[in-house]
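Asks: Here it is, the structure in full.
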Amino acid sequence: MEKIISSRLLLITPVFYGVEKKIKSVLEESGYEVVWIENKTLTFDYHGANSKFRFLRRLYFLLFFPHERYIKKELKKVGNLRFDILFSINGNIICPYLFKKLKNKNPGLFSVLYLWDAFSMYNWAKEFKYFNKVSTFDSADAEKYQIKYQPNFFIRSSQNRNQEKEYDLFFAGKFNSFRFSAVEKILNHAKSSGLKYYIKLWPAYKILLHNYFIYYILKTTKINSNWVLDYILNYEAIEGLLKKEYIMFVSQRFEEIQNIFQNSNVILDLPFQGQTGYSHRLIDALANGKKVISTNSNIKKEVFFNSEQIHLLNGQNPEIDSKWIKEKFIFPVDKYFAELELSNWLKSVIDAETV
């Protein structure tokens with residue numbers, strides 16, 4: 001990313017395995033003065049597509065303004081509110097108060113929103129009006145909501161792509177019922193085939209309704225619902241009731257995951273259901289010439305799709321080709337990925353001329 005005349009930028013992102021630190025670092029290397037605030041999921045947040053009691057959640061936000069109170073506290077830590085650019089990834093804490101405070105000091109503030117979660121998970125459409133530029137990693141969402149499609153980025157690695165790999169198969173991500181079911185079936189095949197794998201899931205978070213009594217009622221009544229299944233499995237994962245080698249209780253640092261990723265031959269991609277956009281890990285794998293197994297069939301439409309490099313997986317009945325997984329081969333990287341390297345990606349996403 002080319003050096004720019006120093007501008008002050010307010011960066012608002014979720015905490016995501018340390019990726020937020022890398023984004024801040026790259027922006028600073030390119031000449032920005034950066035202040036970071038966590039884009040935190042607040043208690044009773046109502047943006048989740050599967051949130052229960054959404055009306056009551058919205059009412060809570062209208063009556064008690066938790067997002068405003070959080071912003072006040074964070075801006076007080078910042079002190080100097082003079083910014084040229086606001087760059088937010090996702091919209092958890094975006095509210096009128098934030099823009100009122102910033103616009104008061106910065107009438108010409110240029111604001112950018114990037115969504116790296118799909119609308120099948122979170123809906124931030126009502127927050128679009130606050131931003132000069134809005135883009136998403138999900139092509140279906142871009143078309144539906146008439147916003148810019150911008151695929152996810154990857155972070156360049158200094159490791160040797162041709163080094164001997166320790167693992168045949170790699171996956172690391174948050175726990176949900178779909179991934180749990182798919183991983184169970186994949187590991188049964190991987191073990192019988194003698195594959196060396198590094199596969200880890202960790203519980204997403206302890207929700208407000210995390211309670212043994214609720215868990216017991218839902219478990220014994222056996223209600224047929226995805227939400228109930230997710231609740232039961234997430235509860236059991238957090239409480240250590242699921243005795244699985246691949247379930248962790250603390251997510252790893254970015255550097256640790258990246259080292260293991262680079263040391264793996266094939267990358268497993270299990271995006272959330274309903275998501276058509278490509279995960280960071282999938283983009284990262286293809287930008288490093290790695291082989292990929294993915295449940296995201298949308299990738300067949302892309303110019304870079306290569307059936308020899310990318311195998312599609314039926315998430316409900318996942319059958320993997322162990323012989324193909326063990327074969328060592330580095331594919332040439334399509335020129336498509338050059339603009340998705342983080343420094344280039346940031347320039348494209350933030351650039352006012354591409355509104």
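Each reported figure results from applying straightforward, stated rules to the coordinates on display, with no laboratory input. Quantities reported herein were computed from a predicted structural model and do not represent experimental measurements. Cβ sites come from the backbone with ideal geometry, for glycine too, and all protein chains shown count toward neighbours.
Asks: Where a ≥ b ≥ c are the square roots of the eigenvalues of the C-alpha gyration tensor, would you call the chain rounded, which needs a/c under 1.5, or, failing that, prolate if a/b is larger than b/c, or oblate?
Replies: Since a/c reaches 1.5 but b/c is at least a/b, the shape of the chain is classed as oblate.
Asks: Right, something else. With r defined as the distance between the Cβ atoms of Val303 and Lys101 and R0 fixed at 35 Å, what FRET efficiency is calculated, to the nearest 0.05?
Replies: Efficiency, rounded to the nearest 0.05: 0.20.
Asks: Return the long-range amide H neighbours of Glu341 (sequence gap of 5 or more, or a different chain), with a cut-off of under 5 Å between placed amide H atoms.
Replies: Phe154
Asks: Could you calculate the contour length gain from Ile214 to Asp84, that is, 0.36 nm times the residue separation minus the distance between their Cα atoms, to one decimal place in nm?
Replies: Taking Ile214 through Asp84 to full extension adds about 42.0 nm, to one decimal.
Asks: Under a point-charge model restricted to the Cβ atoms of Lys and Arg (+1) and Asp and Glu (-1), what is the dipole moment magnitude of the chain relative to its Cα centre, in debye to the nearest 20?
Replies: So the magnitude is around 1140 debye.
Asks: Taking the Cα centre of the range 258-320 as the origin, how large is its charge dipole in debye, to the nearest 20, when only Lys and Arg (+1) and Asp and Glu (-1) carry charge on their Cβ atoms?
Replies: 60
Asks: Shifting gears a bit: Give the shape of the range 8-150 as rounded, prolate or oblate, defined through the alpha-carbon gyration tensor: a ≥ b ≥ c are the square roots of its eigenvalues, a/c under 1.5 means rounded, and otherwise the shape is prolate if a/b is larger than b/c and oblate if not.
Replies: Note, shape of the range 8-150 comes out oblate.
Asks: Let me ask something else about it. Is the shape of the range 84-147 best called rounded, prolate or oblate, per the rule: a/c under 1.5 gives rounded, else a/b larger than b/c gives prolate, else oblate, with a ≥ b ≥ c the square roots of the Cα gyration tensor eigenvalues?
Replies: The shape class here is prolate.
Asks: Right, next: Between Glu28 and Ala338, take the C-beta separation as r, use R0 = 25 Å, and let me know the FRET efficiency to the nearest 0.05.
Replies: For R0 = 25 Å, the calculated efficiency reads 0.65.
Asks: Be a star and scan the range 260-297 for residues whose amide nitrogen sits under 15 Å from the point 7 Å along the Cα-to-Cβ vector of Phe128.
Replies: Nothing falls inside the zone, counting backbone N under 15 Å.
Asks: Express in nm, to one decimal, how much length is gained between Ile223 and Lys323 on full extension, taking 0.36 nm for each residue of separation and deducting their alpha carbon distance.
Replies: So the extension gain works out to 32.0 nm.
Asks: Can you give the extra length, in nm with one decimal, that the chain gains between His189 and Phe331 once fully stretched, where that is 0.36 nm per residue apart less the Cα-Cα distance?
Replies: 48.6 nm
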